[in-house]
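Each remark here refers to the structure printed beneath this line.
Values quoted throughout were computed directly from the atomic coordinates according to the rules given, and no laboratory measurement underlies them. What you see is a predicted model; the values in this text were computed from it and never measured. Here the Cβ is made from the backbone with ideal geometry for all residues, glycine too, and neighbour counts use every protein chain on show.
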Amino acid sequence: MKVLLVEPDYYSRYPPLGLMKLASYHRSRGDEVRLVRGLTNNENFNPDIIKITSLFTYAWKPVHMAIEYYHHHYSNSEITVGGIYASIMPGRIKTYYPFVDIHVGLFNPSERYLPDYDILKNVDKWSNWNKSIIFSSRGCVRNCKFCIVPKLEGRIKSITTSIQDFIHPDHNQIILWDNNFLASPRNEEILIELQDLGLRVDFNQGLDARLINEKNAEMLANLNVKTYRLAFDYLDERDAVIKAIDSLFNYGVRKRNILIYMLYNFYNNQTGEGDSPEDFLARINDILGVGCAVYPMRFEPLRSLKKGSYISPKWKANQLESIADARRVIGYGGAFPPYEGLIKKFIKAENFEEAFYLRSENRDKYKTKISKSRQKMLA
């Protein structure tokens, strides 16, 4: 069998792990596999099966373009679409393209395979990728209303007793994509293994601050981690987050190396609960005040078809825009670092509007910087 794996041309910082695992699975069965990104004419390769992945629902257009393109060029090939968008809105895809098969959720037979990183070498965007992406567990013990993980992966479960077999021999960095690593039944075993390996580790999805204790804080502090990522989604998590920060700090982690993911613009239609601008500012002050960085994350509904279009009943459009502007003008890499001037600006502010007010000269400097950057790109 000839299998064509397709990553649509949407924005992504990471290579398509699901397709890479599928590549290993199909090659173990003797199939010939090729990976492409976007719309590519594959000369001398006429696939029997085409598998197209998908990302978030608001990135649906490149997925539809890929379906149309590859169906037109390989009308006799079977097409299957999987991934997040396909799992959340399978009916929408079938309405437009009744000839495709939809795979919802994980493809469990491929979970046990080392991703095929070699298949990335022929894709320009990923040709120099050198980090091993690993899930040591799937699912989560939480049931956050803004999160799709429980629906796609279910309750927490360990999927391996060791991560050694999932690390490419040429890689010296590990990215753990566990959705709640510390809730995994085998998290301590994996932490010991990570310490023994000595490789750079990135808990990319963030660690659950409510599950950090003295024991695992010491284990985490002994790892080769550049940035420790935690989440602070609700104001009532404050004590747990501050305690987790203090525990890591007590074992030698610099607070400036702790980054807090901070959700905002979320609203639960069933309960009427959700954060407000003042709630968001209070959480920022809590985190900057203890010396850690804040990474704001705007909530997007799971079925949203346009990014940045949702506005919570407790927020206004100009307030959301002011956060985006502040991240660009006075932030660093989209985050708010615990710089003295930034801390004073937020803490001294009497309200949200004052905290996120940007002087016109700062806006002008930013616009000039962007203008020069664009001119350079066009030159």
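So the values come out like this:
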{"read-out": "Relative contact order computed over the chain (Cα-Cα under 8 Å; 6+ residues apart), in percent", "value": "11"}
{"read-out": "Additional length obtainable on full extension of the chain from S28 to F99, 0.36 nm per residue less Cα span", "value": "22.8 nm"}
{"read-out": "Beta bridge orientation in the chain: antiparallel %, DSSP, nearest 5", "value": "10"}
{"read-out": "Leading residue at positive end of dipole, region 127-366 (Cβ point charges), from Y357, C144, I190", "value": "Y357"}
{"read-out": "Nonlocal amide H pairs with M297, under 5 Å, H built at 1.01 Å", "value": "M262, L263, Y264"}
{"read-out": "Region 273-304 residues near the modelled Y357 label - backbone nitrogen below 18 Å, point 7 Å along Cα→Cβ", "value": "277-278, 281-282"}
{"read-out": "Built amide H within the under 5 Å cut-off of I79, gap 5+", "value": "I50, D101"}
{"read-out": "Qualifying trypsin sites (Lys or Arg not before Pro) for region 243-319 [loop in DSSP, other Cβ within 10 Å: at most 14]", "value": "R254, R303, K306, K307, K316"}
{"read-out": "Where labels lie 7 Å past Cα in the beta-carbon direction, separation of E68 and T80 in nm", "value": "2.5"}
{"read-out": "Gaussian network model of the chain, Cα within-10 Å springs - most flexible of P296, P169, P150", "value": "P169"}
{"read-out": "Kirkwood hydrodynamic radius of region 127-366, Cα pairs, Å", "value": "19.2"}
{"read-out": "Built amide H within the under 5 Å cut-off of Y228, gap 5+", "value": "I258, L259"}
{"read-out": "HN-Hα J in Hz across region 82-90 - Karplus 6.51, -1.76, 1.60, θ = phi - 60°, x for Gly and Pro", "value": "x, x, 5, 4, 5, 6, 7, 10, x"}
{"read-out": "Overall form of region 2-109 per C-alpha gyration tensor (a/c, 1.5; a/b vs b/c)", "value": "rounded"}
{"read-out": "Isolated Cys residues of the chain, judged by Cβ distance under 4.7 Å to other cysteines", "value": "C140, C292"}
{"read-out": "Label-point gap, in nm, between N269 and R238 - each point 7 angstrom along Cα→Cβ", "value": "3.1"}
{"read-out": "Separation of alpha-carbon centers, region 192-234 and region 279-323, rounded to whole Å", "value": "24"}
{"read-out": "Estimated distance in nm for a label pair at N46 and I311, the labels positioned 7 Å out from Cα along Cα-to-Cβ", "value": "5.5"}
{"read-out": "For region 111-129 versus region 1-80, the gap between their alpha-carbon centres in whole angstrom", "value": "13"}
{"read-out": "Size of electric dipole in the chain: Cβ of Lys, Arg +1 and of Asp, Glu -1, about Cα centre, debye, nearest 20", "value": "1020"}
{"read-out": "Exposed-loop-free span, longest in the chain, where GluC sites (Glu not before Pro) count as exposed if DSSP calls them loop and at most 12 other C-beta atoms lie within 10 Å", "value": "44-272"}
{"read-out": "Most mobile listed residue (F352, F181, F232) in the chain, GNM with C-alpha springs under 10 Å", "value": "F352"}
